[in-house]
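Novice: The structure under discussion is supplied below as structure tokens; questions concerning it will follow.
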Amino acid sequence: MSEFLDALVGFIWSKPVVYLCLFTGVFFSIRFLFVQFRCFPHAIALISGRYDNPNEKGQITHFQALMAALSATIGLGNIAGVAIAIALGGPGAVLWMWVVGIFGMATKYVECALGTHYRQENQDGTVTGGPMYYIEKGLGKQWKPLAVLFALCAIICSFCTGNMNQSNS
């Protein structure tokens, strides 16, 4: 089992995957004119409550939405990932984590925009959404098996990877 997991980790965190993540962030940064810098003042105004309207539809405030998005993004990587990166790559690894993180902000912007655009409002007023919704609705019904696979992988990850690694760290 240990050999299988080592092979799986070696495949997932191979150089092509890391380069793909970096390329995606660079692509979205250029495509959206460096939204992570250009819209930063608007983001601060949004989470500070300037645009909050108590009569607006929705279940959570802008700040609560930001915290939910950040809680899904930041986590185990900040617990153990930085220590592992410095131990394996030296102090220079921190620079590259910052670089990839800056470009990753554009990727996160696209992820949140797609989630907002393709969310579903239910009869009882609740809102559901996420990657499985924008895979199916954005790419078409023929991609529903991929959306189901994503949802199943998220369930497995929530019970296994996250909890076990966090308690171990």
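Novice: Could you tell me whether any residue of region 42-50 is closer than 21 Å to GLY101 by Cβ, assigned to a loop (DSSP other than H, G, I, E, B), out of contact with any Cys (no Cβ under 9 Å at 6 or more places or on another chain) and modelled with pLDDT of 85 or more? Before you say what the answer is, go through the steps one by one.
Specialist: Residues of region 42-50 closer than 21 Å to GLY101 by Cβ: 42-44, 46-47.
Within this subset, residues satisfying the condition of being assigned to a loop (DSSP other than H, G, I, E, B) are none.
Within region 42-50, none of the residues are closer than 21 Å to GLY101 by Cβ, assigned to a loop (DSSP other than H, G, I, E, B), out of contact with any Cys (no Cβ under 9 Å at 6 or more places or on another chain) and modelled with pLDDT of 85 or more.
Novice: Can we say LEU66 is open to solvent by less than 60 Å² (accessible area, probe 1.4 Å) and under 23 Å from PRO131 (Cα atoms)?
Specialist: Values: open to solvent by less than 60 Å² (accessible area, probe 1.4 Å): yes; under 23 Å from PRO131 (Cα atoms): yes.
In short, yes.
Novice: Output the residues belonging to region 80-98 that are surrounded by fewer than 16 Cβ atoms within 10 Å (Cβ to Cβ), under 26 Å from VAL35 (Cβ atoms) and either of a type outside the set (A, V, I, L, M) or under 16 Å from the mean Cα position of the chain (by Cα) (or both).
Specialist: Across region 80-98, the qualifying residues are GLY81, TRP96, TRP98.
Novice: Related question: Could you look through region 62-98, keep only residues that are in a loop (DSSP other than H, G, I, E, B) and modelled with pLDDT of 80 or more, and pick out the one that is farthest from LYS15 (Cα to Cα)? Please lay out each step first, then the result.
Specialist: The first filter runs over region 62-98 and keeps only residues in a loop (DSSP other than H, G, I, E, B), leaving 74-75, 90-91.
Remaining after also requiring modelled with pLDDT of 80 or more: 90-91.
Numbers: GLY90: 18, PRO91: 19 Å.
Per the stated criteria, the residue is PRO91.
Novice: Output the residues belonging to region 32-45 that are open to solvent by 50 Å² or more (accessible area, probe 1.4 Å) and farther than 13 Å from MET105 by Cα.
Specialist: The answer is PRO41, HIS42, ILE44.
Novice: Can I ask one more? For region 99-151, which residues satisfy the criterion of being surrounded by fewer than 14 Cβ atoms within 10 Å (Cβ to Cβ), modelled with pLDDT of 90 or more and closer than 16 Å to ALA65 by Cα?
Specialist: Once the filter is applied, which keeps residues that are surrounded by fewer than 14 Cβ atoms within 10 Å (Cβ to Cβ), modelled with pLDDT of 90 or more and closer than 16 Å to ALA65 by Cα, region 99-151 yields ALA113, HIS117.
Novice: What do you reckon, is GLN59 of a type outside the set (A, V, I, L, M, F, W, C), part of a helix (DSSP H, G or I) and either closer than 30 Å to GLN123 by Cβ or touching a residue at least 12 places away in the same chain (Cβ under 8 Å) (or both)?
Specialist: no
Novice: Show the residue pairs that are 6+ apart or on different chains and have beta-carbon atoms under 6 Å apart, the first residue being within region 66-82 and over 14 Å from VAL100 (Cα atoms), the second being surrounded by 13 or more Cβ atoms within 10 Å (Cβ to Cβ) and at pLDDT 65 or above.
Specialist: The qualifying pairs are LEU66/ILE47; ALA69/CYS112; LEU76/ASN165.
The values are calculated or read from the model by the stated rules, or taken from the named source; none is laboratory data. The structure presented is a predicted model; accordingly, all values stated were derived computationally and were not measured. Here the Cβ is made from the backbone with ideal geometry for all residues, glycine too, and neighbour counts use every protein chain on show. When the accessible area is computed, the model is the full protein with side chains, heavy atoms only, and any ligands, DNA or RNA have been set aside. Shrake-Rupley method; radii C 1.70, N 1.55, O 1.52, S 1.80 Å.
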